[in-house]
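The values are calculated or read from the model by the stated rules, or taken from the named source; none is laboratory data. Computed from a predicted model, the values in this text were never measured in an experiment. Note: ideal-geometry Cβ built from the backbone for every residue, glycine included; neighbour counts use all protein chains shown. Note: areas computed on protein heavy atoms with side chains; ligands, DNA, RNA excluded. Shrake-Rupley method; radii C 1.70, N 1.55, O 1.52, S 1.80 Å.
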Amino acid sequence: MKFLQSIFDFYLQSSIHVGLAVMALAALSVMQFGFVPEPTLLLFIWLGTICGYNFVKYSGISNRHHLEITKNVLLIRIFTVGCFAGFLYFGRLLPAYIWYTTGVVGVLTVLYTIPFFRQKNLRSFKGIKVFVIAAVWVGFTVVLPLQYHYMSFLSERVLLQSAEIFLFVMVLMLPFEIRDLKYDMPHLLTIPQWMGVQKTKWLGTVLVGVIAILIYLQKYVYASYLPVNFGVLGLLLMSVWFSRENQGRYYASFWVESIPIVWLVGYLFI
């Protein structure tokens, strides 16, 4: 049993799970426009997400909390190097223009971790943590996959999709923000630090309502996507209201982060 537990912990701590969540949203974005997801691109996104998240968590610079609670940091770092090699391999198989967006996302990730202005990184600036992470997710889950299919980022439909995913990720992060209240430094001014837990949950409710409007405004290839989308919003809202500071060990890192995967599964089985 301990062996299975250690495997599951490695699965979460090595960012495999969050990588699958990002990859699922990328596949969703493509499917909502009527395209077939490209496996090479999805693997590129999955491996890139693993590398980015592990760089942020285990670089020893920006988030010492993860270093303290993770037993297999060395193994995860070796695993990340392997993922980076796979990321470069699949990247070579993709069009060169894909690397433009990847470069922007990569720079944001590096600046989020490494101090660049008066010994501060992006994470250190008051109140912008959630917005930077949401922007990175939009880059990897909307802009990059639709760029592959020659969709203009400035088209109305893509902008609506970007806004939808941006707000979705913001709400998805709220249970993490509530959980991390006891770890985050006060100067970060995260949403729960600024508003309190209860008002944060109400903010999440309002944002879910805005997402519902954005979903309603979009014209999907298949009408059956609409009820799945609204069902997922229900799960998202529940995840916010059930979250608390002393939540279960896997509540946010597994169950909440599984919502994008559930969303994709819903699409695949309708």
Normalised contact order of the chain, rounded percent, pairs of Cα under 8 Å and 6 or more residues apart: 23
Compute, for the chain, the length of the dipole vector about the Cα centre, with Cβ point charges of +1 (Lys, Arg) and -1 (Asp, Glu) only. Units Debye, rounded to 20. 620
Can you figure out the FRET efficiency of His149 with Ala85, using R₀ = 45 Å and their beta-carbon distance, to the nearest 0.05? 0.95
Residues of the chain: accessible area per residue with a 1.4 Å probe, Å²: 49
Which pairs in the list Lys126/Lys182; Lys129/Lys219; Lys57/Lys126; Lys57/Lys199 are over 25 Å apart, alpha-carbon to alpha-carbon? Lys129/Lys219; Lys57/Lys199
Inter-label distance, nm, simple model (7 Å from Cα along the C-beta direction), Leu181/Ile114: 3.5
Evaluate the charge dipole of region 68-200 about its Cα centre and quote only its size in Debye, nearest 20, assuming +1 on the Cβ of each Lys and Arg and -1 on the Cβ of each Asp and Glu. 340
Please find the FRET efficiency linking Leu235 to Phe269, where r is the Cβ-Cβ separation and R0 is fixed at 25 Å, and quote it to the nearest 0.05. 0.95
Restricting to Cα pairs below 8 Å that are 6+ residues apart, what does the relative contact order work out to for region 203-263? Please round to a whole percent. 38
Carbon plus sulfur fraction of accessible area for the chain, probe 1.4 Å, in percent: 71
